[in-house]
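Worksheet: the structure to be examined is printed underneath.
The values are calculated or read from the model by the stated rules, or taken from the named source; none is laboratory data. Since this is a predicted model, take the numbers as computed values, not measurements. Counting neighbours? That spans all protein chains shown, and the Cβs are built from the backbone with ideal geometry, glycine included. Side chains are part of the model used for accessible areas, which takes the heavy atoms of the whole protein and leaves out ligands, DNA and RNA. Shrake-Rupley method; radii C 1.70, N 1.55, O 1.52, S 1.80 Å.
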Amino acid sequence: MKKLKEKCLGIIAVSLNMLLILSVMAYTGGNKFALTASAAEESYKTTIDGLGTGSIGNPSTSGGGWSYVYYGNYNGSPVKYRVLDNDSSDFGGNTMLLDCDKMFQSYVFDEDGDSWSNSDLKDWLNGSDFLYDGDVFTELERGAIASSYKDSASSSDGDGFRYKDENDESVNCDFQSLNGEKIFVLDSCETDNSSYGYTSGSYGKNQNGVSAGWWLRSTYSVSDNKLAIASQDGKEGYDNLNGRHGISPAMNIELSSIISTSLISGSEYKLTIKDSNLGITADTITIEDGVVTVPYTITGSHADAANQVSVLIMDSQYQAGRSVTSGFTYAKLSVDSWGTSGTGTFTLPSQYLDKTCGSDYYVYILAEDVNSGKATDYASSPVAIQVPADTSSSSSSPRRNAPPRSNPNNNGDPTDPADPTNTADPTNTADPTNTADPTNAGDPTNSGNPSDPENSGVPSSTPSNSNTNNSNTNNSNINNSNTNTSSSSSSRSSSSSSSRSSSSDSDSSNSAVTKVEEPVIVADFDYLDELRRKIEAAIKLGGEQTVTWNKGTALPYDIMKRLEDHPEITLIFSYTYGNVDYVATIKGPKAYVTIPWYGPLYLYEHYGKTATPVVVCATTTCTEMPEVRTYTVVPGDYLTKIANELGVTVKYLAKKNHIKNWNLIYNGQLLEY
């Protein structure tokens, strides 16, 4: 009987294990184990609290009042952190400062009596026991944690712990700097910062349900006896460095890595962070009766981990790291059958139906890996898509018969060169050198190929007539077929191509057929992110600023639009095309949503020929905008190796990039030289 019971229990255990394995297999999604339609609908998020850090607030200066973020695990449980600053610049970047809400195990500060920079505590936090423990942080969570640099106390930090020196005088502890640590504990001066919510008696922490002391990174010496500071219930004291107190980890999260936040309850949130190994592209997008259809393909090495495609509809352009709490709509794309490629739909909110996508509002899609409970979610960077005008029979859009909007200032002038889509120009019948159209400079096969930024808006072979079957009658260009094709082959594109299609609506008030071209959305190239960052930094500085750039030969719409919106920024673009050196001085340009790329000949025609020279040289003096060169750190790099490759010294590279610890550089770090 006993053996029979054991046998039955064994069968039940095996059955349960099989069910568990099958459930895990079903969850993985993607091409290997495709989810059914019902599984794809399972409890994945349908709303977010905001973009970036969303509604996550800062603490009360009178003490406490924290918002909380769950991030990582410890001993199998989600870890809750206090948000001390939702937008900090005190640690060498734009970050969100977190400090753990409780303490982990008791630990010594340092067995050998060393200060923070060489302490056992620092090594424990930044080693395999915590930071690099796969059960504590996922690889993506770890990657979003910033390397923190802080040489001295900030203006908002307090005096910190005071002690009696050998002369019996009351003095402050020396501030303990941070030199690239990802995980640390607070300094005594930082716990005296009222903006962090740390006021006397307001910040006790528990370890296993018991209030106890927790290490700060502050130390001091009296009579050759080095002591470390610990805090308990808002009161600070000292102990020998080999004493044992709780560990309360603190860290900074890169704002640029935070896609969005989700409210769990009350003031508790979790994050959606960027997964650079996850991407998404879209094919031709259509709209009918307000319902937008999006064919998509999820890309990247983490494509199989995605379980949702989402759409963002925004009143302004998306900017990584910017906190947004209003003026956007977030929705889950509705798909019939889940997979890494498919077709989904969403309903365009009514307030956007009579507006133009790309200028009046902006639409983005993103692939997401949504996790249950308090676990961190992951997503691709939002990718801009172009929603065409709704010309369906039931649509009430007043623009069905309106002319193209590439040049809002063109009131039908057939000779207006500022409108690159103008097909009524009687002088544009067979001119292979015509630069009025940056996406068709005389080459009928060239439409600004998004997979090649150096072939954007310029002829790649001998120019030929691009206007075929042109009956130029009364300058109306009836049946003018201006053929443009577009393709996108880049597997890393942040948006994909939608074909240009013509639609001709009859209108008795028009004497000619109006050709309406839908915008082409093209690939976004990673190297341009550097230019975007430089422009945003210049905008943030305020006032008249100049940015220099010398990579590629073309500029995408979003950069031109940003410069149009900020005429105080001047972009000096130097490039070589066809063995000829060009310089375009771009200030307050006109950006057209229908033109995805602005090629080298167009830029020179409009911003090079008449531009004020940037370099002013005489026989004895020369004033020139300095060139900014960058290098991106890759796995296996170290500072000496990089310096040798770039032909500079390690000291120069460290000083140029404010690197305090030459042994601490990280994958993806951008180094100037």
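Roughly how many Å is it from the Cα centre of segment 536-587 to that of segment 38-107, as a whole number?
Going from one Cα centre to the other spans 37 Å.
So if we plug the beta-carbon distance of Gln351 and Ser301 into 1/(1 + (r/R0)^6) with R0 = 45 Å, what FRET efficiency do we get, rounded to 0.05?
Calculated transfer efficiency: 0.70.
Need one number: nm distance between label points at Asn550 and Leu646, each 7 Å from Cα along Cα→Cβ, rounded to one decimal.
1.5
Gain in length, Asp360 to Asp289, computed as 0.36 nm per residue apart minus the alpha-carbon separation, to one decimal in nm?
Between Asp360 and Asp289, full extension yields an extra 23.6 nm.
Based on the mean of other beta carbon atoms within 10 Å per residue, what is the order of 64-75, 93-104, 539-550, most packed first?
Ranking the peptides 64-75, 93-104, 539-550 by packing returns 93-104, 64-75, 539-550.
Multiply the residue gap between Asp87 and Tyr527 by 0.36 nm, knock off their C-alpha separation, and tell me the result in nm, one decimal place.
Working: separation 440, 0.36 × 440 = 158.40 nm, distance 2.61 nm.
So the chain would gain 155.8 nm between Asp87 and Tyr527.
Taking 7 Å along the Cα-to-C-beta vector as the label spot, tell me the Gln669-Ser170 distance in nanometres, rounded to one decimal.
4.1
Quick check on packing: order 109-122, 317-330, 586-599 by the mean number of other C-beta atoms within 10 Å, highest mean leading.
Packing proxy ranking, top to bottom: 586-599, 109-122, 317-330.
Expressed as a whole percentage, what fraction of the accessible surface of segment 272-340 belongs to carbon and sulfur atoms when a 1.4 Å probe is rolled over the protein heavy atoms?
Looking at segment 272-340 in its full context, I get 43 percent from C and S.
Just the number please: accessible area per residue for segment 264-383, 1.4 Å probe, all protein chains included, in Å². Write down the numbers at each step before the final one.
On the way: 4320 Å² over 120 residues.
Per residue, segment 264-383 has an accessible area of 36 Å².
Roll a 1.4 angstrom probe over the protein heavy atoms and tell me the percent of accessible area of segment 85-177 that is carbon or sulfur.
33
Mind giving me the nanometre distance, one decimal, between the label points for Ser326 and His658, set 7 Å out from Cα along Cα→Cβ?
So the two model labels end up 3.4 nm from each other.
Going 7 Å from the Cα of Ser117 in the Cα-to-Cβ direction, what parts of segment 637-659 have a backbone nitrogen less than 20 Å from that spot?
639-640, 650-659
How would you rank 645-657, 168-180, 135-147, highest first, on the average number of other Cβ atoms within 10 Å across their residues?
135-147, 168-180, 645-657
Give, in nm to one decimal, the length gained when the segment between His566 and Ser392 is fully stretched (0.36 nm per residue of separation minus the Cα-Cα distance).
Using 0.36 nm per residue and subtracting the Cα-Cα distance, I get 59.0 nm.
Which entries of Lys355/Lys534; Lys102/Lys374; Lys45/Lys270; Lys332/Lys355; Lys80/Lys660 have Cα-Cα distances beyond 20 Å here?
Violating the 20 Å Cα-Cα cut-off are Lys355/Lys534; Lys332/Lys355; Lys80/Lys660.
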